[in-house]
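See structure below.
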Amino acid sequence: QTWARDAEADFAKFGSELELHLAYAALDEALKQLGEPDMPAATWENTLMDLETLESTLRSEMRYVYGPDWEMKPGKLVSKKGTWLKGTAQFSWEVPEARKLYMPSGVVMPVAQIARVIDPAELQRHEWVRQHLRVWLKPAIVKSLENRRGVWFIYKPHWEDRDHLSIVPVADTWLKRSTQMSGDLQAFELVYVPKGLVVRLAQAPAVVEEEWERQRHAHVHLHRRVVLASPPVTIKQDQFEIFVGQSGDATAAALAAH
């Protein structure tokens, strides 16, 4: 049908029409069940609950991704390297951390729809915009990625506990966005932490449980998942960020300012 073809061509413009048709179809089916003699007695309350479930299932959120960072498969994308999901097609380093979501390498991400960038304002941002894609995700996926904000991984033999909620490196080391070997990570996925600088945590270091992280290499069991109490304050040297403290630390802020 025309509305289905339109939605497939441009989900952003016609997707609401598709969702409306699907909702009507669900309502029609629910009403039919009211008259079926071999079906359990249905109520309007159950019907409305079914529609609410359908609405939740159909709802999706749009993000921009850089196409070359992903392998496209039917109904999903697979990250080929550490990358970002963004609310805009701007370069990732121009987008504040709070407005983008990190995706580590090798993760399968289900998507409801994939489309080209067509927004005139977005197309004017830079010459690489046309290599970006728009993707529609279920809210649960977006929420799970949002929950990883402030999450880093450490190689535990390089650290010791200062107390329950602070750790100190016993050698120069890294905070990593993934359990991959530091040499396999991109610069933006690493923060260099000099020996002896205290890192404050929001919770005690935890065993790595994410399935995609646990399977990376033979030394993952020596890593720990940490959630920082506040964002790291860094200074840039060459291509790497160097840890000097955390947000709320006046001394760290002064060092970063210089």
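Summarising the label geometry, the points placed 7 Å from Cα in the beta-carbon direction at residue 156 and residue 71 lie 3.1 nm from one another. Computed across region 103-220, the Kirkwood hydrodynamic radius from all distinct Cα-Cα pairs reaches 17.0 Å. For region 114-182, the fraction of C-alpha pairs farther apart than 13 angstrom is 76 percent. Among the listed pairs 176/236; 80/236; 100/143; 138/176, those with a Cα-Cα distance over 19 Å are 80/236; 138/176. Tell me, what is the FRET efficiency for residue 147 and residue 78 to the nearest 0.05, using R0 = 22 angstrom and their Cβ-Cβ distance as r? Approximately 0.60, to the nearest 0.05. DSSP assigns beta bridges within region 144-258; of those with both partners inside it, close to 95 percent run antiparallel. Residue ranking by accessible heavy-atom surface, 1.4 Å probe, largest first, among 100, 156, 80 comes out as 80, 156, 100.
Residues whose amide H comes within less than 5 Å of that of residue 81, counting only those at least five positions distant or on another chain, are 106 (H built at 1.01 Å from N in the peptide plane). Of the chymotrypsin sites (Phe, Trp or Tyr not before Pro) found in region 80-149, those in coil by DSSP whose Cβ has at most 13 other Cβ atoms within 10 Å are 128. Extension gain, residue 181 to residue 206, is 7.1 nm, computed as 0.36 nm per intervening residue step minus the present C-alpha separation.
The values are calculated or read from the model by the stated rules, or taken from the named source; none is laboratory data. Remember, predicted model here, so these are calculated numbers, not experimental data. Ideal geometry is used to build each Cβ from the backbone, glycine not excepted, and the neighbour counts take in all protein chains shown. Side chains included, ligands, DNA and RNA excluded: accessible areas come from the protein's heavy atoms. Shrake-Rupley method; radii C 1.70, N 1.55, O 1.52, S 1.80 Å.
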